[in-house]
Amino acid sequence: MSRFTAAAVVLALLTFPLADGQVVDEPGLLAQLTQLFPDAATFSAKSGTPPTYKAFEASVSGQDAKLLGYAYWTTEVEPLERGFDGPIKMLVGMDTAGILKGIIVTEHREPYGYFSVETPEFVAQFKDKNIRDKFQVGADVDAIARATITVTSSSRAIRNSSRRIARAYLTPPAQQ
């Protein structure tokens, strides 16, 4: 490896934001994670199966930091889910009780995305939504005329990926 190549690699590693002492490999990711979990002090690097980032509050008096929740890409957890014109990449935040903390739509090729999944109203309807809800367009998810495939696919991706993360990482609620 040449000195130039080594210097370029070191420079690239130093310019990316850090999460919990490890390099975050996507520009802006730390800001997105903070948007989903504003009370988090640190975030883990992506790990696990299915892959997630963990959000932690600040540790107190030498105790372990409390886990606030998980963030994950719908396209990594449910890669076969497609909208009208391909996958819709969303970063989802979910707390340890199975309540969605937020959704960020980061990438799509939907012809009607500008008035369906890109709107603040679309993502806002999922904040504080329980993953046990139906996620049914027209019932508990607002439908958007001319974009039903996009909205249905996005809702299904959020629901299915969130439930898969919950099965992998969350403790089921106590039976009553």
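The values are calculated or read from the model by the stated rules, or taken from the named source; none is laboratory data. This one's a predicted model, so the numbers in the text were calculated from it and none came from an experiment. Here the Cβ is made from the backbone with ideal geometry for all residues, glycine too, and neighbour counts use every protein chain on show. Calculation scope for accessible area: heavy atoms of the full protein, side chains included, ligands and nucleic acids excluded. Shrake-Rupley method; radii C 1.70, N 1.55, O 1.52, S 1.80 Å.
Would you mind computing, in nm to one decimal, how far apart the modelled labels at LEU80 and SER59 are, each placed 7 Å from Cα along Cα→Cβ?
Modelled inter-label distance: 4.2 nm.
Describe numerically, in nm with one decimal, the distance between label points set 7 Å from Cα along Cα→Cβ at ALA168 and at ASN130.
2.4 nm
Sorted by accessible area with a 1.4 angstrom probe, largest first, how do ARG164, ARG159, ARG132 fall? Mind dumping the intermediate values first?
Values: ARG164 85, ARG159 50, ARG132 135 Å².
Final ranking, largest accessible area leading: ARG132, ARG164, ARG159.
Could you rank ASP128, ASP133 by how accessible they are, 1.4 Å probe, largest area first? Mind dumping the intermediate values first?
Values: ASP128 95, ASP133 55 Å².
The ordering from most to least exposed comes out as ASP128, ASP133.
At 1.4 Å probe size, what's the solvent-accessible area of PHE37? Round to the nearest 10 Å².
Surface accessible to solvent at PHE37 totals approximately 10 Å².
List, in the order given, every pair from LYS46/LYS129; LYS101/LYS129; LYS46/LYS89; LYS89/LYS127; LYS46/LYS134; LYS66/LYS127 whose Cα-Cα distance in the structure shown is over 19 Å.
Working: LYS46/LYS129 24 Å; LYS101/LYS129 8 Å; LYS46/LYS89 16 Å; LYS89/LYS127 17 Å; LYS46/LYS134 28 Å; LYS66/LYS127 21 Å.
Pairs exceeding 19 Å: LYS46/LYS129; LYS46/LYS134; LYS66/LYS127.
Could you work out how far apart the two model spin labels at THR49 and ALA31 are, taking each label as a point 7 Å from the Cα in the direction of the beta carbon, and quote it in nm?
3.5 nm
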